[in-house]
Amino acid sequence: MSWNTFGRVLRFTTWGESHGPAIGVVLDGCPPRIALSEEDIQPFLDARRPGQSRFTTQRQEPDQVRILSGVFQGQTTGTPISLMIENTDQRSKDYGEIAQSYRPGHADYAYDAKYGIRDYRGGGRSSARETACRVAAGAIARLIIPEVTITGWVEAIGTSAIDYARFDAGQIRANPFFCPDAVKAAEWEELVDSIRKAGSSVGATVMCRAEGVPAGWGAPLYGKLDADLASGMMSINAVKGVEIGDGFAAARGTGESNADAMAPGAGGAPEFASNHAGGIAGGISTGQPVDVRIAFKPTSSILTPVPSITSTGEATEVRTKGRHDPCVGIRGVPVAEAMLALVLADHKLLHRAQVAKR
């Protein structure tokens, strides 16, 4: 089994490789009669698109999406929606030197060990290029959950973190870092420039928040909303850690400090004094904002030589030519937003299926 599909009711399957002719996604389970056009999807792909600043890969891909099925007269039909994005700026020759060598930190060896064959041109399926498919599917998922507003931002690059006292949501799309702190964004220009010029890379922490999620989405034990969020976020290339709410910081607190105290609120719903749980308790949404934090490792493809081995087991050094993100977490923001939308839309449909009259 290949495991290229995610979701329960709303299921998406991505296909294609980084240096193939095209990539794409098939989204199944979308409700019918939702207005949908390519213009509804394109802005989200444009936010993730490479080559928009010197702080990301200089691969120039327009990422123009085409809807191939599942839409008729401007509305979804309830049948599978197939989306395709052509690859137009591949430079496979950049990867000739690693055809017989493994890049440390990348999936080269693991893929070879599993399948006995690997696509060394940009990593094939292990390339972050695949995430464009998720962003396209996530744009449709947002239309299924119009009551929810999703916002993502970069919280830290390496050890340099934003100051939440300066948080300004209007700044997130005003700089190339998806940074809500204008002062820190200016500092990151120098930081990422120095990393890029050194032929290295740096990791990042991304925060995603969904506001407007009603209480009740999710399920106990094996259908937990936070478990599916963790699974979805961990499936993103280069993600090595996921936190819901306070995450690991909760382990350093006490029962009193971690509890989200409640008081009577409007309409019988509680008014919470805090949101340490990240909007999810017992696997079910509480009505508070759903907060997810994810950690992106440094990009594995770097110009700095790193000791490795060849496919025949001989010692070698590997430096990866080509065009790579000095900080892949920057463009990870639209991807994380998309995965949050896809999981929430899936759980909305699951909730509707079980408790339709509530």
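The values are calculated or read from the model by the stated rules, or taken from the named source; none is laboratory data. From a predicted model like this one, the values you see are computed outputs, not experimental measurements. Reconstructed Cβ throughout: ideal geometry from the backbone, glycine too, with neighbour counts over all protein chains shown. Keep in mind that these areas ignore ligands, DNA and RNA; they rest on the heavy atoms of the full protein, side chains included. Shrake-Rupley method; radii C 1.70, N 1.55, O 1.52, S 1.80 Å.
Below, the figures for the structure above:
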read-out	value
Choice from Leu342, Leu83, Leu68 showing the highest fluctuation, given a GNM over the chain with Cα pairs closer than 10 Å	Leu68
Solvent exposure of the chain as accessible area per residue, Å², 1.4 Å probe	47 Å²
Simple spin-label estimate for Glu211 and Leu68 in nanometres, 7 Å along Cα-Cβ	3.9 nm
Assigned charges on the beta-carbon of Lys, Arg, Asp, Glu; the range 130-277 dipole about Cα centre (debye)	420 debye
Hydrodynamic radius by Kirkwood, which averages 1/r over all alpha carbon pairs of the range 200-358, in angstrom	17.9 Å
Computed Rg/Rh of the range 195-248, alpha carbon atoms with Kirkwood Rh	1.11
Environment charge of Ala204, counting only residues whose C-beta is closer than 13 Å and scoring Lys/Arg +1, Asp/Glu -1	+3
Top positive-direction residue, dipole computed over the range 283-337 with Cβ charges, set Pro289, Pro305, Val333	Pro305
Between the range 292-344 and the range 199-234, the Cα center-to-center distance that results, in Å	20 Å
Choice from Arg331, Arg293, Arg33 with maximal GNM fluctuation in the chain (Cα, 10 Å cutoff)	Arg33
Hz values of 3J(HN,Hα) by residue in the range 173-180 - Karplus curve (6.51, -1.76, 1.60), Gly and Pro given as x	9, 9, 9, x, 10, 6, 9, x
Between helix 332-354 and the chain: long-axis angle, C-alpha atoms, 0 to 90°, nearest 10	40 degrees
Calculated from backbone phi, Karplus (6.51, -1.76, 1.60) coupling profile of the range 104-117 in Hz, x at Gly/Pro	x, x, 9, 8, 3, 5, 4, 5, 5, 5, 7, 9, x, 7
The range 249-338 - Rg over Rh from alpha carbon coordinates, Kirkwood radius	1.26
Extended-chain gain in nm, criterion 0.36 nm per residue less alpha-carbon gap, Glu256 and Val306	13.2 nm
The chain: calculated mean residue ellipticity at 222 nm from DSSP helix runs of at least 4, using -39500 (n - 2.57)	-7500 deg cm²/dmol
Cα-centre dipole for the range 279-358 with unit charges at Cβ (Lys and Arg positive, Asp and Glu negative), debye to 20	400 debye
Apportionment of accessible area to carbon and sulfur, the chain, percent (1.4 Å)	54 percent
Spatially proximal aspartates and glutamates relative to Lys184 (Cα-Cα < 19 Å; intrachain offsets below 8 disregarded)	Glu155, Asp163, Asp168, Asp193
Sequence-distant residues sharing a close amide H with Val306 (under 5 Å, placed H)	Val318, Arg319
